[in-house]
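This report refers to the structure that appears directly beneath it.
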Amino acid sequence: MLPEVFGVNAWVRSVADRLAAHGHPALAVPLFARTAPNLELAYETSDLAQGRRHKDATTSDQILADVAAALAWLQDQHPQAEVHLVGFCFGGHAAFLAASLPGVAAAFDFYGAGVSRMRPGGGEPSLALLPQIQARLTCVFGTADPLIPAEDRETIASALRKADPAGERLRCLSYDGADHGFMCEARSSFDPQASAQGWRLLLDDDSLL
């Protein structure tokens, strides 16, 4: 599980606990451990600014290295299990990146901004990695998210359709009226209906076929 810019905070731990309660052992990866090993922020403006500083100091190579290490540990602990990535906000973008790693069976990118425009640390937009992604990938956005405008959503959706016209492995879903952060009960943008749909994606085995 890959967190928002707010780090491994109480909400992130609650999601990991909820996944574990449904029989899915979960590991939250501290993406900003190099600059803030114990980053745990609230959903306040000042905290957002602090989190973004650590996000801006994080590169795609670091993300891939950290997720690869987490994958190796999980596969050692659960050698027969499929490994799925779930990321929110910056963690969603990170999940898109890390879906290109071997050993990832499925990845969920919840409102990962910038995928079609940039790559952490520089380089081509992360969307350029799509040909390297063999995992099942689901990108989930809200139509009222100002950080991921309609143009970006369509660019991503178009790329996924081109790579997988049948939509059997690559999917892009949009929830009408949902804002950025709609999955998180601790945020003012929490959307109960969209969140319920998101949780059905994560917990319904049919959504992973």
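The values are calculated or read from the model by the stated rules, or taken from the named source; none is laboratory data. Every value quoted in this text rests on a predicted model; they were computed, and no experiment measured them. Please note: Cβ atoms are built from the backbone with ideal geometry, for glycine as well, and neighbour counts cover all protein chains shown.
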- Task: For the stretch 38-54, indicate whether the set of residues that are crowded, with 20+ Cβ neighbours inside 10 Å and closer than 23 Å to ALA105 by Cβ is non-empty.
- Result: no
- Determine if the stretch 165-186 includes at least one residue that is more than 17 Å from the chain's Cα centre (by Cα) and part of a helix (DSSP H, G or I). no
- Task: Determine whether PHE6 is among the hydrophobic types (A, V, I, L, M, F, W, C) and either free of Cβ contacts under 8 Å to residues at least 40 places away in the same chain or farther than 26 Å from ALA194 by Cβ (or both).
- Result: no
- Any chance ALA113 is closer than 22 Å to GLY177 by Cβ and either of a type in the set (Gly, Ala, Ser) or without any contact (Cβ under 8 Å) to a residue 12 or more places away in the chain (or both): yes
- Query: Listed residues GLY122, GLY142; which is within 30 Å of TRP73 (Cα to Cα) and touching a residue at least 12 places away in the same chain (Cβ under 8 Å)?
  - Reply: GLY122
- Scanning the stretch 187-206 for residues that are at pLDDT 95 or above and not in a helix (DSSP H, G or I), which turns out surrounded by the fewest Cβ atoms within 10 Å (Cβ to Cβ)? SER188
- helices (runs of 4 or more DSSP H) contained entirely in the stretch 8-77, each with at least 1 residues that are over 30 Å from ASP204 (Cα atoms): 45-56, 60-77
- Task: Just give me the residues in the stretch 128-141 being hydrophobic (A, V, I, L, M, F, W, C), farther than 18 Å from PRO102 by Cβ and either buried (at least 19 other Cβ atoms within 10 Å of the Cβ) or in contact with a Leu (Cβ under 6 Å, 6 or more places away or on another chain) (or both), in sequence order.
- Result: CYS139, VAL140, PHE141
